[in-house]
Amino acid sequence: MVEDDLNRLVKQETKIPTLEKTGILSDEYYHVLFDSSSDVLMLMDERGFIDCNKAALKMFGFSRKEEIIGFHLSEISPPKQPNGEDSRSAAQDRIAEAFKNESTKFEWVHCRKNGEEFPAEVWLTRFLLKDKQILQVTVRDITERKQMEETLRKSEASLSNAQRISHLGNWDWDLVKNKLKLSDEIYNILGLAPLGFKTTYEAFLNSVHPDDRMFVQDAINKAVYENKLYSIDYRILLPDGSERIVHEQGEVTFNKAGQAIWMCGTIQDITERKLIETALQKSEQKFRTFFNHSNDPTLIYDLDGAILEVNDIVCEFTGYSRDELLTISIMDLDSSEYAPNVTDNIKQLQKGIRSIFESVAICKDGTPIPIELSNRIIEYDGKPAVLSTSRDLTERKQAEDAMFHAKLVAETANRTKTEFLANMSHELRTPLNSIIGFSQLLNSNPFGNLNEKEIKYSGNIADSGKHLLDLINDILDISKIESGEVELECEKFSLPSFIRDVENTIKHMAYKKNIEICNQFRSENIEIYADRLRMKQILYNLLSNSLKFTPEHGLI
């Protein structure tokens, strides 16, 4: 400062502040206040700084006033401010504004002597000194405040993100002024654009579904006037007419007189959760319906074998009550032969293998019942468990035993039949061979006393006897047929001659019904390669059926 300039300040009609040399505002006292102030104080005119206190030297890293005297505000600032402004031109604008309007306040980024930058809050205050306009520059380092603001901003951003992710918003309600402040997420939940200002509870209530408004109001009134817990679910209506379900809870603050003055709380969109819960309830209901109305004994047990749930059929099946079954293990229901296998079966199920096997259940009275079990892994009360369905195999086992006994009886009867046929066939062939032999002897007419017709008839007797012998041999082949050992014996033979032989065999049967047999083969040179005996059996059976179903005086 210039000598004697602080001894007086001239009052002007412009009401610019002045210093009077009166007692405590003396030049000496001012110097004491100026230098000892903890705030950074500097004096400057339009050209630059003309004085500073010790706090200023310390803040900017200078040791003597002479190092800073004459500096412009921009010379203790970086070239650019955070908003992109040029520091010198921006400083000139701020200084010009202060000289015009007596004072101004703004945030600024300064530089220390070592180049370190720091944010500051700057006040420029105008006053007259020896008829000269002077600016008092007050600087306050706001680094910590900025850090706190940044921390708060990040915290608020984190809170906002957390609320957005969880669809959870918070609100504050001034009950005295009836002002309601909502977080941005609540506006998102309500389908409204954030208003950025306080609203009233009545305005918020318009978003509540008309059918739920009385319920919401009643819950809030009980919280405010009866100090009761406030945690409710209700529906809201969005501007597009769709519905959402929210969960709201709040806390009331009371003054010393016991009057409710403040309320805060949260609102969370639980629509998706409610839909899932509803779906789960329906699924659970379907499962319970199927479980309880199944015609087969069905139970659930954990991976240690402890029974967790049973249907009524299990109780009827085993003779145990439901309470008794829920206190025992699945191993207690298995026979001693199958109980040790339960642990291995559970391990197989855990590998994703569904098991179906037979076992024996032991009823309460000790009765063993053969069963078929179908097991699979399910989730029950949030944990893996085994769903086991059993089926009574008693009737099936009885039927299997009956079938096995019947099979034994049939096999015994079949063996007896085969033995009988073999014996009878042997007994029949002995006289038949005699018939064939004598008829062949007659047919050869060894004594010359048979006429042509008698010779022909003796030949027919021989052929029929041979055919009957073949049939008896077929009976003997039944055992071979049953064992799959029959083989064809193929040979070449004349087809017309073969047909005449069969025709002669059945001709006497045709004569009885006056049926004419017409053989249209004219050539004797037709040969076939086949099993002569099997072919004869087939043709004989066909002609026999023809005779059976052809009326008298018919034609074959």
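A few notes on this one:
- Packing-based order for 256-264, 507-515, using average beta carbon neighbours within 10 Å, highest first: 507-515, 256-264
- Straight-line cross-link reach from residue 364 at under 27 Å between alpha-carbon atoms covers these lysines, not counting any fewer than eight positions away in the same chain: 397.
- Entries in 58/130; 507/536; 65/100; 466/513; 347/383; 456/492 that, when Cα-Cα distance is taken, lie over 18 Å: 58/130; 65/100; 466/513; 456/492
- Sequence-distant aspartates and glutamates (8 or more away, or on other chains) whose Cα lies within less than 15 Å of residue 146: 107, 117, 121, 156
- Placed amide H near residue 301: partners under 5 Å, 5+ positions off or other chain: 308, 386, 388
- Value of relative contact order over the chain, rounded to a whole percent, pairs C-alpha under 8 Å and six or more apart: 6
- The relative contact order of region 294-392, computed from alpha carbon pairs under 8 Å that lie at least 6 residues apart in sequence, is 28 percent.
- Here each label is just a point 7 Å from Cα along the line to Cβ, and for residue 294 and residue 414 those points are 4.1 nm apart.
- Inter-label distance for residue 103 and residue 233, nm, one decimal - labels placed 7 Å from Cα along Cα-to-Cβ: 5.9
- Here is how the number arises for the chain: DSSP H runs of 4 or more residues each give -39500 (n - 2.57), the sum is divided by the residue count, and the result at 222 nm is -14000 deg cm²/dmol.
No value in this document is a laboratory result; all are computed from the given coordinates. Computed from a prediction, not measured in an experiment: that's the story for all the values here. Quick reminder, even Gly has a Cβ in these numbers, built from the backbone with ideal geometry, and neighbours come from all protein chains shown.
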